Amino acid sequence: MGIVWDYIEIDPVTTEAAWQGAVENICDVISANTLAYLQPGISEESSARSHPLPNDSAACFVTDPLYYDAVPYADLSDFFFVWLKRTISSSHRRFSQVILTPKEEEIVQLSERNPMYAYKTRERFEQLMTEAMSEGRRVLTPSGIGVVVFAHKTTAGWETQLKAMIDAGWIITGSWPIDTEKPGRLRALDAAALASSIHLVCRPRESPDGSVRTDEIGDWRDVLQELPRRIHEWMPRLAAEGVVGADAIFACLGPALEIFSRYSRVEKASGEQVTLKEYLEQVWAAVAKEALNMIFEGADATGFEEDARLTAMWLWTLSADRQALNAGKTDTANGESTEEEEADDESEGLPAGEAGGAKKANPKGFVLEYDAARKIAQGLGAHLEHLSSLVEVKGDIARLLPVSERVRTLFGKDEAQGTAGKRRKRDPQLQLGFMQALEQAEDEGAWGKTGAPTPRATTVDRVHQTMLLFAAGRAEAMKRFLIEEGAGHDPRFWRLSQALSALYPTHTDEKRWIDGVLARKKGLGF
């Protein structure tokens, strides 16, 4: 990780208001904490895996643990440690006995980053984090409450932390995304930096005497029956409170995890233990289905792959943002939006009001702040880092690519390069950027004997392929693609198409194309 200069002091040549605001903030903190100063506090250095506190001695346990493989904490601390030793070695002589900070017991996953730390694996992280979380539960009273703050860009880090907590004997009851990072910090300028942290609220899975409950076995069928009911209770409640989009997805995760984590283990009828990863797949599907049900009744996200779930929830988040923005910008005199506002809503990129205010062209596609996109992906079990053909991340912006920019992925690398063969005369209205690639694939015979492209692996890719064939006026190729190549025989294809029709913003090419495909469904015999 690179180190950049940052300062805690106020710019000495800044405005007087900044100085006044800083002084007022400090005074507010002192005033709010006056009573706390009447009771002296005690701080003590210890390992997270070996607390000095006795059993059941704390009413609250709050921790902000290491973030998986995000930061080489001990190595970075050496930069400050060499200066710290010069400052306080006279009063803390033990510092003068060591050259650098200890690193052997650090709970991080660095094996994939630095060969010197090959032993700091994911399995080691999970084991040591479980021990640390177990210690936190041990010192907490059986009726106490715990809060674990966690933020990580990858789904792998998120899943590993959750598993460590459940294995340590915690029942996760809530998960609240809270904006915790300063937007103007140097680390966040034009970078894919996190803006929020997830606060996991949990309770000890203990008996009244403080012992961990290990004999409660959950029935997998009962868990699966309760899960959709719990999500159905929470999603509308959150929407009523104004918690929508990416934040709503994560806020539902905690209540869903409570169903699973209150048991020492969950078993199927065969006696096989259900893993957390297997349960999370059910949670992601339930959250996606409930969110889509808020758009149109009867939605079904069963069997959707991670790219389809991500696409649907990404568009739902933008839809929720647009509704929130429109709710606050109608003309109070006549209840109608201004022409300028309506033009903003028709934009295919950022929802109205999120373009930064400057005369800056919105990027094409469906744009979210990176942190919002990251939360959607993690809340749905999608790996954002593995979906570069669907999502583009540049700086602090994440973009769900327009379908027209996915030709290279959908129809093959060779089919999307250069020009070859004879070209037909095109309708002027169809002179789109992807037409040349489609024509080349057809002219070169790359579509095989059926005269249609080969269906891609995932449902959303096959839907996008069909949309492009429709847009290009390739009615016969689209028919063969759906019938002879079999893309239309998968019920997920039409469920996802229906969902995307409800989610794509009006006045976008994607909305017109998917509606055109759906309009031909009956005529094709589906």
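What follows is calculated from the coordinates using simple rules that are stated; it is not laboratory data. Here the structure is a predicted model, which is why all the values come from computation and not from measurement. Note that we place each Cβ from the backbone using ideal geometry, even for glycine, and neighbour counts take in every protein chain shown.
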Ranked from fewest to most other Cβ atoms within 10 Å of their own Cβ, 107, 26, 483, 376 fall in the order 26, 483, 107, 376
Using a ≥ b ≥ c from the Cα gyration tensor of the range 84-131 (square roots of the eigenvalues), is it rounded, prolate or oblate, where a/c under 1.5 gives rounded and otherwise the larger of a/b and b/c decides, a/b for prolate? prolate
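Can you compute the FRET efficiency between residue 408 and residue 476 using 1/(1 + (r/R0)^6), with r the Cβ-Cβ distance and R0 = 25 Å? Round to the nearest 0.05. Display every interim value, and only then the final one.
Values: r = 23 Å, r/R0 = 0.94.
For R0 = 25 Å, the calculated efficiency reads 0.60.
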Fully extended, how many nm does the chain gain between residue 30 and residue 512 (0.36 nm per residue separation, minus their Cα-Cα distance)? 167.7 nm
For the range 253-258, what does the Karplus curve 6.51 cos²θ - 1.76 cosθ + 1.60, with θ = phi - 60°, yield as ³J(HN,Hα) per residue in whole Hz, taken in order and with x for Gly and Pro? 5, x, x, 5, 5, 4
How many nm is it between the label spots at residue 179 and residue 121, if each spot is 7 Å from the Cα in line with the beta carbon? 4.2 nm
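If you average the sequence gap of Cα pairs under 8 Å that are 6 or more apart and divide by the length of the range 198-260, what percent do you get for the contact order? Intermediate results must be reported in sequence, preceding the final value.
Details: 25 pairs, mean separation 22.1, N = 63.
Computed value for the range 198-260: 35 percent relative contact order.
Suppose R0 equals 35 Å. What FRET efficiency, 1/(1 + (r/R0)^6) with r the Cβ-Cβ distance, do residue 23 and residue 76 give to the nearest 0.05?
Details: r = 32 Å, r/R0 = 0.90.
Using R0 = 35 Å, I get an efficiency of 0.65.
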Listed peptides 66-77, 217-228 by packing density, highest first (mean Cβ within 10 Å): 66-77, 217-228
Using a Förster distance of 30 Å, how high is the FRET efficiency between residue 216 and residue 53, based on the Cβ-Cβ distance and rounded to 0.05? 0.70
Between residue 522 and residue 46, the two model label points (7 Å from Cα along the beta-carbon direction) sit apart by a distance in nm of 7.1 nm
Could you order peptides 508-516, 114-122 by the average number of other Cβ atoms within 10 Å of their residues, highest first? 508-516, 114-122
